[in-house]
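Student: Below are the structure tokens for one structure; questions will follow.
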Amino acid sequence: MLDYIIMGMVLEKELTGYDIKKKVENSVGTFYKANYGRLYPALNKLTEKGCLIMNEQMQGKRIKKYYKTTELGKEAFLEWLSAPVDMNMSGEAQLAQIFFFGELPKEVRDKRLQEYAFFIEQGLNPLQNIAKMLPNDNSDEKDYFGIAALYYGIQAMHNTLRWLNHIREQKPFSQFLRKHDE
């Protein structure tokens, strides 16, 4: 996953390893925890594979290494990006892929978001059926927290579907936040 994130970060603009790290931290890093101990080995590996090009520049008395995605890297990145969201990955990894969806043609992006929503809906139905069979009172403290976790999952799935609908329509985020706060 980190390889694709790196290629996405330097798709348009050359950045140093430090700049890539900061860009990741301030964007996908808010929800996807990248292992920065793997950043420089990944940069080296991607450069060796021809997915990145490294350009050294003198700045003062130091040589800085700048990285940019090559055509080969762009092809690999776009292949990963246009593939269906992997439902076996963590939600954070799924969000990391969706983060770059602006690089996709609208029809591909819409198809992937629809597939993602369908998968969420398929998982939601069985949970709602289970919830219908559960008691509505808090009589059994032992079961209370298990039931609470189930309801949390149901609510999270509803919120994900609402969010997916919102981003598919590319509505202003102020509308999403206002509805969410109500």
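The values are calculated or read from the model by the stated rules, or taken from the named source; none is laboratory data. Keep in mind that this is a model prediction, so the values were computed, not measured. Positions of Cβ are backbone-derived with ideal geometry, glycine not excepted, and every protein chain shown enters the neighbour counts. Only protein heavy atoms, including side chains, enter the accessible area calculation; ligands, DNA and RNA are left aside. Shrake-Rupley method; radii C 1.70, N 1.55, O 1.52, S 1.80 Å.
Student: Residues of the chain: accessible area per residue at 1.4 Å, in Å²?
Tutor: With all protein chains present, the chain gives 64 Å² per residue.
Student: Rg and Dmax in Å for the stretch 62-112, alpha carbons only: what are they?
Tutor: Taking only Cα atoms of the stretch 62-112, I get Rg and Dmax of 13.7, 47 Å.
Student: Could you work out the relative contact order of the chain? I mean the mean sequence separation of Cα pairs under 8 Å and 6+ apart, divided by the number of residues, in percent.
Tutor: So the answer I get is 18 percent.
Student: On to the next question. At a 1.4 Å probe radius, carbon and sulfur cover how many percent of the accessible area of the stretch 57-182?
Tutor: On the stretch 57-182, the fraction of accessible area on carbon and sulfur atoms equals 54 percent.
Student: Restricting to DSSP H runs of at least four residues, report the calculated mean residue ellipticity at 222 nm for the chain, -39500 (n - 2.57) per run over all residues, nearest 500 deg cm²/dmol.
Tutor: After summing the helix terms and dividing by residue count, I get -20000 deg cm²/dmol.
Student: Would you work out which of PHE118, ILE6, THR70 lies farthest towards the positive end of the dipole of the chain? Charges go on Cβ: Lys and Arg +1, Asp and Glu -1.
Tutor: Checking the options against the dipole of the chain, the answer is THR70.
Student: In Å and from the alpha-carbon atoms only, list the Rg and Dmax of the stretch 11-64.
Tutor: Both quantities, over Cα of the stretch 11-64: 12.2, 36 Å.
Student: A further question follows. Could you work out the Kirkwood radius for the chain, taking every pair of different alpha carbons, averaging 1/r and inverting it, reported in Å?
Tutor: Evaluated on the chain, it is 19.0 Å.
Student: Beyond 20 Å between alpha-carbons counts as too far, so tell me which of LYS23/LYS111; LYS49/LYS74; LYS22/LYS65; LYS22/LYS68; LYS106/LYS171; LYS23/LYS68 fall in that bin.
Tutor: Those over the limit are LYS23/LYS111.
Student: Another question about this same structure. Calculate, for LYS13 and ASP137, the FRET efficiency according to 1/(1 + (r/R0)^6) with r their C-beta to C-beta distance and R0 45 Å; round to the nearest 0.05.
Tutor: Taking R0 as 45 Å, the efficiency between LYS13 and ASP137 is 0.20.
Student: Just grab the label-to-label distance for TYR40 and LYS111, each label 7 Å out from Cα along the Cβ direction, in nm (one decimal).
Tutor: 4.2
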